[in-house]
Amino acid sequence: MARISAGSSIAEAAYGLAARAARELLTQGTASALEGGFDYPTLNTLLLAETRASSG
């Protein structure tokens, strides 16, 4: 199995999205920058699946 690395780019992208969404919310009162993300049930399912996979 080959090792892959994204370095810090995934975290940088997440912080960039949070900054854009906060700026939009504060200046325009909207949150369209957040469209396209996972809904809560999907994210919860993915996180639970990963927790179960790594613990057992």
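With axes computed from alpha carbons, what is the tilt in degrees of helix 40-55 against the longest principal axis of the chain, rounded to the nearest 10 within 0 to 90?
On a 0 to 90 degree scale, this one is about 30.
With a probe of 1.4 Å, find how much accessible area the stretch 9-56 has per residue, and write the answer as a whole number in Å². Intermediate values should be presented prior to the final figure.
Working: 4090 Å² over 48 residues.
Each residue of the stretch 9-56 exposes 85 Å² on average to a 1.4 Å probe.
From the helices alone, meaning DSSP H stretches of at least four residues, give me the mean residue ellipticity at 222 nm for the chain, per-run term -39500 (n - 2.57), in deg cm²/dmol to the nearest 500.
Numbers: 2 runs with 36 residues, N = 56.
Computed ellipticity for the chain at 222 nm equals -22000 deg cm²/dmol.
What do you get for the angle between helix 9-28 and the principal long axis of the chain? Use alpha-carbon atoms, 0 to 90 degrees, nearest ten.
Value to nearest ten degrees: 30.
In debye to the nearest 20, how big a dipole does the chain give about its Cα centre with +1 on each Lys and Arg Cβ and -1 on each Asp and Glu Cβ?
Values: 4 positive and 5 negative charges, 33 e Å.
In debye, rounded to 20, the chain gives about 160.
Could you state the principal axis extents of the C-alpha atoms in the chain, from the largest down, to the nearest angstrom?
Taking the Cα atoms of the chain, the three principal extents are 45, 28, 15 Å.
Would you be so kind as to identify which of A13, A2, L48 lies farthest towards the positive end of the dipole of the chain, taking Lys and Arg as +1 and Asp and Glu as -1 on Cβ and the Cα centre as origin?
My answer, from the dipole projection, is A2.
Which of the GluC sites (Glu not before Pro) across the chain are loop residues per DSSP, with 15 or fewer other Cβ within 10 Å? The partial results should precede the final answer.
Working: sites: E12, E24, E35, E50; in loops: E35.
Loop-located and lightly packed - E35.
Could you work out the local net charge near S32, counting Lys and Arg as +1, Asp and Glu as -1, over the other residues with Cβ closer than 13 Å to its Cβ? Mind showing how you got there, number by number?
Numbers: positive: R20, R23; negative: E24, E35.
That sum, taken over residues with Cβ under 13 Å, equals 0.
State the percentage of accessible surface on the chain attributable to carbon and sulfur atoms; use a 1.4 Å probe and exclude ligands, DNA and RNA.
Numbers: 3100 of 5040 Å².
The C+S portion of the solvent-accessible surface of the chain is 62 percent.
Between L46, L34, L17, which gets the highest mean-square fluctuation from a Gaussian network model of the chain, Cα cutoff 10 Å?
L46
The values are calculated or read from the model by the stated rules, or taken from the named source; none is laboratory data. Only a predicted model underlies this, so the values are computations on that prediction, with no experimental measurement involved. Heads up, the Cβs are rebuilt from the backbone with ideal geometry, glycines too, and the neighbour counts pull from every protein chain shown. Just so you know, the surface numbers come from the protein's heavy atoms only, side chains and all, with ligands and any DNA or RNA stripped out. Shrake-Rupley method; radii C 1.70, N 1.55, O 1.52, S 1.80 Å.
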